[in-house]
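The block underneath contains the structure these notes are about, expressed in structure tokens.
The values are calculated or read from the model by the stated rules, or taken from the named source; none is laboratory data. What you see is a predicted model; the values in this text were computed from it and never measured. Reconstructed Cβ throughout: ideal geometry from the backbone, glycine too, with neighbour counts over all protein chains shown.
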């Protein structure tokens, strides 16, 4: 029998693996560190008695199954998915987690000296008011120089702890379970080589949310935009009527977008245009944008406006001045989850059994579940108990992580006595 470990033991082990993804490598997985965690998970799944454990060593997916031990043949095969990579927005190397026991509601000094500034690094409720909600809880934090990796190693630890529970307690009934740990979710490629047939689930949940109670089944529609702008460089002393400054045209494009449809000014279901990168000279400029909107009609209108502005600039400065490449990335999964409302109803019930009230709001982003839903696998998103993702002030609640494990177990128990 595998040694019994807590969800926290597992989590603290997993976060020490550097698994940052990188959208610029062009490989899949995008970074080799993800393979190291995948190999560990393959080993641990085998030790927990999972069957059909398969580590896709080419693309870095880990699959496993647990057979049903109940007589209810109508119970669906449930899947649970989490991603191994972490964001490249902050370093994920040499993560040094520690537990702040019985948090007192005050500032947490993560580090007495910032390596760059020399100042103290402080996690403060003045900056992050949600900290006040965790007074009396045990919080897992970093030393302030890296992210923590709760996104999504908390989800991995919670799924693994659920599996350990059934391994250690074979008398508890459950239907068939499918597990997959994916790479490169943070760069939008978590489902690029996802094998739905091997996974074999009827329905699934990603365990990739944040605050306890989060239940997400609505996300953005998303598109990526690349602008390549061609100018004409001429000596500025003799430039009149000859120079075409590509960088200034890039600024002109930005100025023609609605100024308040920008992430800085939007919330809830409000969409936006977001300039992620601009670089250029007089001769050539390149701009990258992301477009997001929950409403399909508004999403289409945003893309249409981009095309209209590009046409205007090409009419003004000459055909071919601005080259546009625009591709859809993912769509609002509500469209695909809505016909399977039992997934939401049963998750609500599972949370209520833990004394948790579901928090249902649109994701201002996307998940592997959005893409999988459009591939035929309805897949809402569950909470993990992590906060402040993608930065050095990330933290997780020990008590909430235990609750998240219980929520997953409750969902499984509810579906074991399946009534849609």
For residue 252: the one exception among (1) touching a residue at least 60 places away in the same chain (Cβ under 8 Å); (2) closer than 28 Å to residue 359 by Cβ; (3) assigned to a helix (DSSP H, G or I): (2)
Criterion violated by residue 117 - all others in (1) surrounded by fewer than 18 Cβ atoms within 10 Å (Cβ to Cβ); (2) assigned to a strand (DSSP E or B) satisfied: (2)
All positions within the stretch 165-188 that are out of contact with any helix residue (DSSP H, G or I) (no Cβ under 7 Å at 6 or more places or on another chain) and surrounded by fewer than 22 Cβ atoms within 10 Å (Cβ to Cβ): 166, 167, 168, 169, 170, 171, 176, 187, 188
Residue tally, condition in a loop (DSSP other than H, G, I, E, B) and either in contact (Cβ under 8 Å) with a residue 60 or more places away in the chain or surrounded by 14 or more Cβ atoms within 10 Å (Cβ to Cβ) (or both), over the stretch 16-46: 11
Test: residue in the stretch 362-370 that is assigned to a strand (DSSP E or B), within 30 Å of residue 91 (Cα to Cα), in the same structural domain as residue 116 (by TED's automatic domain parsing) and touching a residue at least 60 places away in the same chain (Cβ under 8 Å): no
Which listed residue is surrounded by 14 or more Cβ atoms within 10 Å (Cβ to Cβ) and either closer than 23 Å to residue 140 by Cα or not assigned by TED's automatic domain parsing to the domain that holds residue 407 (or both), from 53, 7, 62: 7
Residues that are part of a loop (DSSP other than H, G, I, E, B) and within 20 Å of residue 371 (Cα to Cα), drawn from the stretch 329-360: 331, 332, 333, 341, 360
Any hit, the stretch 359-382, residues being surrounded by 21 or more Cβ atoms within 10 Å (Cβ to Cβ) and farther than 16 Å from residue 337 by Cβ: no
Single condition residue 202 does not satisfy, out of (1) closer than 30 Å to residue 341 by Cα; (2) surrounded by 18 or more Cβ atoms within 10 Å (Cβ to Cβ); (3) out of contact with any strand residue (DSSP E or B) (no Cβ under 7 Å at 6 or more places or on another chain): (2)
Output for the stretch 371-416, where each listed residue is under 30 Å from residue 193 (Cβ atoms), within 16 Å of the chain's Cα centre (by Cα) and not in a loop (DSSP other than H, G, I, E, B): 371, 372, 373, 381, 382, 386, 396
Condition met for residue 348 (farther than 25 Å from residue 86 by Cβ, surrounded by fewer than 18 Cβ atoms within 10 Å (Cβ to Cβ) and modelled with pLDDT of 95 or more): yes
Some residue of the stretch 300-309 being assigned to a helix (DSSP H, G or I) and in contact with a helix residue (DSSP H, G or I) (Cβ under 9 Å, 6 or more places away or on another chain): yes
Scope the stretch 271-316; condition surrounded by 15 or more Cβ atoms within 10 Å (Cβ to Cβ) and free of Cβ contacts under 8 Å to residues at least 24 places away in the same chain; matching residues: 272, 274, 275, 314
Residues within the stretch 132-164 that are buried (at least 24 other Cβ atoms within 10 Å of the Cβ) and without any contact (Cβ under 8 Å) to a residue 60 or more places away in the chain, tallied: 0
Total residues in the stretch 65-94, condition more than 30 Å from residue 174 (Cα to Cα) and crowded, with 23+ Cβ neighbours inside 10 Å: 2
Any hit, the stretch 216-227, residues being over 28 Å from residue 386 (Cα atoms), out of contact with any strand residue (DSSP E or B) (no Cβ under 9 Å at 6 or more places or on another chain) and at pLDDT 95 or above: no
